[in-house]
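Report on one structure; see the data block that follows.
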Amino acid sequence: MKFTFLGTGGAFDVAYGNSAALVEFKGHTILLDCGFTVYPTLRQHQLTSKVEYILLTHLHNDHTGSLANILLHCHYYNTNCKPIILYPDDDFRDEVYEFLRLQVQKPENYVDFTPLSELPGITAIDTFGLHTEKLQTYAYVFEENAERVAFSGDIGQPDALFAFLRGMPPKATTVFHDITFSEQNSTHTYYKKLIPMMQDYHIYGYHCDPSQSPEDNPFQLVHHQPHLMLSGRLQEAMN
């Protein structure tokens, strides 16, 4: 299992790209979120044809702004390329379908929909209302062999995700968690709220402007980890 981040910024941190990752999981490639900077990044590095599955945490533009572009590009420019959207429940599938219908009219021409349960090893955690009021969001837990990785999506309170993780059989767990350095930002998790979890989990922060990280921030940021970033892995391959 390998996560390669295409960006690690929030909605307004365009210099760092929208937070999204390509996940190599059980021989498949999953695009995890696809905000408005993702399509240009995939095009720049000729990666659109690698997207087999798409998994969304929620429908905000910095997580879905490239969705229609990617599907249309695959349909018109990539041979035998029809991505599959994995959905955690029927209501969310219907929301995604309606979101796409406004842009491509007949989504079924460009994408297939498959229940998340059809790809064992990924668990959705319902985080409804924990990002913004009445918005459906999900965190996801990936398990492959001895590895376990959690991806928070966008949440203002970390309790639901970590309560779920504590209920799972003990295993070394990496957590990619959205983070904010402003205590007034209630839509993302203030970094100090994660400090009590540090002793049990290896936590990386993402969905932030890394230049705003205070001196007392104890968390490694994904942006500073070349082995997790597309740019770092491309540079390594060139060397």
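The values are calculated or read from the model by the stated rules, or taken from the named source; none is laboratory data. In this text, all values refer to a predicted model and were calculated from it rather than measured experimentally. Reconstructed Cβ throughout: ideal geometry from the backbone, glycine too, with neighbour counts over all protein chains shown.
Structural remarks
- Test: residue in region 2-13 that is in contact with a Gly (Cβ under 6 Å, 6 or more places away or on another chain), in a loop (DSSP other than H, G, I, E, B) and under 19 Å from G153 (Cβ atoms): no
- Qualifying residue in region 35-54 (condition: hydrophobic (A, V, I, L, M, F, W, C) and closer than 19 Å to E95 by Cα): yes
- Residue satisfying all of: in region 203-239; out of contact with any His (no Cβ under 8 Å at 6 or more places or on another chain) and of a type in the set (S, T, Y); farthest from F162 (Cα to Cα) among these: S231
- Residues being surrounded by 22 or more Cβ atoms within 10 Å (Cβ to Cβ), part of a loop (DSSP other than H, G, I, E, B) and touching a Pro at 6+ places or on another chain (Cβ under 7 Å) - total across region 52-76: 0
- Qualifying residue in region 134-152 (condition: hydroxyl-bearing (S, T, Y) and more than 24 Å from V23 (Cα to Cα)): no
- Matching entry among T132, T114 (being surrounded by fewer than 16 Cβ atoms within 10 Å (Cβ to Cβ), of a type outside the set (G, A, S) and either modelled with pLDDT under 95 or in a strand (DSSP E or B) (or both)): T114
- Matching entry among N18, N61, N78 (being out of contact with any Gly (no Cβ under 8 Å at 6 or more places or on another chain) and of a type in the set (S, T, N, Q)): N78
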